[in-house]
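Here's the structure we're looking at; comments come further down.
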Amino acid sequence: MVEYTPKEIVRELDRYIVGQYKAKRAVAIALRNRYRRSRLDEKLREEITPKNIIMMGPTGVGKTEIARRLAKLVNAPFIKVEATKFTEVGYVGRDVESMIRDLTEAAIRMVKSARMSEVREKAQLAAEERILDALLPSRRKKASSPVNFFFQTSDEDGSEEDNAKEEDSMANTREKFRLRLRTGKLEDTIIEIDVEESHSPSVGMISGMGNEDMLLQIQDVVGSIFPKKTKRKKVTVSEARKIFEQEEAQKLIDMDEVVDEAIQAVEQRGIIFLDEIDKIAGKEMGQGPDVSREGVQRDILPIVEGTTVMTKYGPVRTDYILFIAAGAFHVSKVSDLIPELQGRFPIRVELESLSEEDFKRILTQPENALIKQHIALMQVEGVKLDFTEDAVDELARVSFLMNLTKENIGARRLHTVMEMLLEEISFYAEDKSGATITVDRAYVQQNLKGLIKENDLHKYIL
Ligand SMILES: Nc1ncnc2c1ncn2[C@@H]1O[C@H](COP(=O)(O)OP(=O)(O)OP(=O)(O)O)[C@@H](O)[C@H]1O
Ligand SMILES: [Mg+2]
């Protein structure tokens with residue numbers, strides 16, 4: 001398994017997120033500490049709990065983006081939860097423990113798909129045999145039944161010699177078909193196969209309980225009582241291969257082992273990103289159907305402190321799960337959280353507001369940079385988009401000023417500004433196929449004229 005060093009994690013995050021060095025460092029260290037801890041002997045390991053992190057910063061500066069990229073990067077069970085979802089009406093049904101269940105599901109998926117890819121080659125071979133079986137239905141079915149085997153009569157199946165010959169030629173045919181199969185010549189051939197139906201009797205009548213987890217659990221139990229039905233179906237060889245490979249891989253992996261490994265992964269390396277944590281901090285909103293925010297904090301507390309949550313795969317301990325919380329904290333403050341919860345998040349990092357310079361970089365540098373995205377989109381229509389450097393300067397300047405004069409929505413502003421800028425080109429793109437369109441400062445100014453009134457700006461320009 002790849003274990004990144006903090007420097008490597010930061011470098012990976014740098015490919016997508018501009019600036020926010022402190023936050024990147026904090027998550028990188030926290031992650032590396034998990035690894036360091038895992039190398040210690042058990043006694044010491046038990047003592048070391050993760051140092052949870054709170055990321056604070058205005059909207060649209062990369063908090064969620066850091067979490068998303070981190071998730072892709074680390075080979076750890078990971079989920080992102082909006083803390084606010086626990087304040088919604090009907091909250092009793094979706095208790096906070098569901099985040100541990102979701103994390104466990106994520107881990108199961110992760111471990112399972114790793115195991116599946118380990119057995120892929122074997123599964124592919126087994127699938128091939130099954131396709132051949134379907135392509136060449138055995139003409140000697142009778143002979144394979146035990147009764148006929150013992151009481152074979154000569155007039156039924158011919159002489160021993162004949163049988164051997166027939167077997168030979170069948171094997172030959174099979175190999176010929178195998179070759180044609182492997183060279184992709186039979187992909188569209190229709191064959192009849194038996195497929196397992198993933199049927200589960202309706203449990204709709206109890207859905208009124210509103211507890212999704214319970215519902216799923218019941219569905220699982222009910223599903224396992226009834227044997228799997230199979231159904232005969234006509235499919236192409238290429239479809240059959242997908243189905244068979246899946247089924248064969250499933251047979252080859254040991255689900256008990258998957259579950260054990262997944263639970264281990266959750267307990268030792270799981271990461272939960274708790275977004276919008278600021279929205280459950282602070283004074284009560286007063287009356288209303290929402291569950292009290294402090295109530296939600298109190299519910300979350302034991303999970304963060306370490307408890308055991310029952311999942312359908314078994315009990316899961318939460319002691320060593322890493323929590324990364326994030327919030328804008330512009331209305332409430334971290335100190336508005338209940339003290340116990342604050343204590344559980346000892347690492348605080350502030351994300352900075354983005355500067356005009358940052359905007360220029362966000363537009364052009366990340367691997368998924370907005371300008372690169374739009375160039376690629378237009379390329380599909382045969383239109384070549386060229387952005388001059390001063391166009392980028394102007395876009396960054398306009399976006400930055402709009403954040404100042406209107407609402408500060410961080411890098412999200414760039415999205416709206418880019419859409420506005422390219423609206424015209426986007427609409428007529430297919431008429432301009434083959435053309436190169438150069439977007440320069442003048443073009444930006446022309447197309448974004450309506451967005452900001454320059455005299456609005458005087459008070460901001462010193
Ligand atoms: N520093 C950055 N570098 C590159 N892209 C960024 C950066 N900050 C934000 N973005 C982009 O802006 C958009 C919004 O960012 P993100 O979702 O991370 O905001 P956030 O900080 O979580 O805000 P909120 O508090 O509103 O949830 C995303 O598309 C993201 O890619
Ligand atoms: Mg966010």
Residue that is within 15 Å of the chain's Cα centre (by Cα) and surrounded by 15 or more Cβ atoms within 10 Å (Cβ to Cβ), where the choices are L103, L13: L103
Residue within region 47-66 that is more than 16 Å from ligand 2 (Cβ to nearest atom), assigned to a helix (DSSP H, G or I) and not hydroxyl-bearing (S, T, Y) present: yes
Residue list for region 302-348, filter: within 21 Å of I280 (Cα to Cα) and of a type in the set (F, W, Y): F323, F329, F345
Which numbered condition P339 fails, given (1) in contact with a helix residue (DSSP H, G or I) (Cβ under 9 Å, 6 or more places away or on another chain); (2) at pLDDT below 90: (1)
Residue among V296, V316 that is more than 16 Å from ligand 1 (Cβ to nearest atom), within 24 Å of the chain's Cα centre (by Cα) and either hydrophobic (A, V, I, L, M, F, W, C) or more than 15 Å from L103 (Cβ to Cβ) (or both): V316
Residue in region 84-102 that is in a helix (DSSP H, G or I) and within 16 Å of ligand 1 (Cβ to nearest atom) present: yes
Only listed residue being within 16 Å of ligand 2 (Cβ to nearest atom) and touching a residue at least 40 places away in the same chain (Cβ under 8 Å), chosen from I17, I100: I17
Failed item in (1) within 16 Å of ligand 2 (Cβ to nearest atom); (2) at pLDDT below 90; (3) under 22 Å from Q342 (Cβ atoms); (4) in contact with a strand residue (DSSP E or B) (Cβ under 8 Å, 6 or more places away or on another chain), with L70 passing the rest: (3)
Boolean, V27 is in the same structural domain as R317 (by TED's automatic domain parsing), within 16 Å of ligand 2 (Cβ to nearest atom) and closer than 26 Å to Y313 by Cβ: no
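Conditions (1) touching a Lys or Arg at 6+ places or on another chain (Cβ under 9 Å); (2) crowded, with 20+ Cβ neighbours inside 10 Å; (3) on the phi > 0 side of the Ramachandran plot, marked per residue:
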{"residue": "Q20", "(1), (2), (3)": "yes, yes, yes"}
{"residue": "A28", "(1), (2), (3)": "yes, yes, no"}
{"residue": "Y35", "(1), (2), (3)": "yes, no, no"}
{"residue": "M56", "(1), (2), (3)": "yes, yes, no"}
{"residue": "V61", "(1), (2), (3)": "no, yes, no"}
Per-region count, region 317-352, residues over 19 Å from G62 (Cβ atoms) and within 16 Å of ligand 2 (Cβ to nearest atom): 2
Residue list for region 73-87, restricted to those being of a type in the set (V, I, T) and within 15 Å of ligand 2 (Cβ to nearest atom): I79, V81, T84
For F323: the one exception among (1) within 30 Å of M402 (Cβ to Cβ); (2) within 23 Å of the chain's Cα centre (by Cα); (3) not basic (K, R): (1)
Counted residues, region 416-441 - those being without any contact (Cβ under 8 Å) to a residue 40 or more places away in the chain and of a type outside the set (S, T, N, Q): 9
Single residue of region 401-427 satisfying the filter (within 17 Å of G62 (Cβ to Cβ) and buried (at least 21 other Cβ atoms within 10 Å of the Cβ)) that is nearest to the chain's Cα centre (by Cα): A411
Residues of region 29-68 classified as more than 17 Å from F345 (Cβ to Cβ), under 24 Å from the mean Cα position of the chain (by Cα) and more than 13 Å from ligand 1 (Cβ to nearest atom), total: 2
Selected residue [within 34 Å of the chain's Cα centre (by Cα), surrounded by 15 or more Cβ atoms within 10 Å (Cβ to Cβ), of a type outside the set (D, E, K, R) and at pLDDT 80 or above] from A134, A126: A126
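The values are calculated or read from the model by the stated rules, or taken from the named source; none is laboratory data. This one's a predicted model, so the numbers in the text were calculated from it and none came from an experiment. Note that each Cβ is placed from the backbone with ideal geometry, even for glycine, and that neighbours are counted across all protein chains shown.
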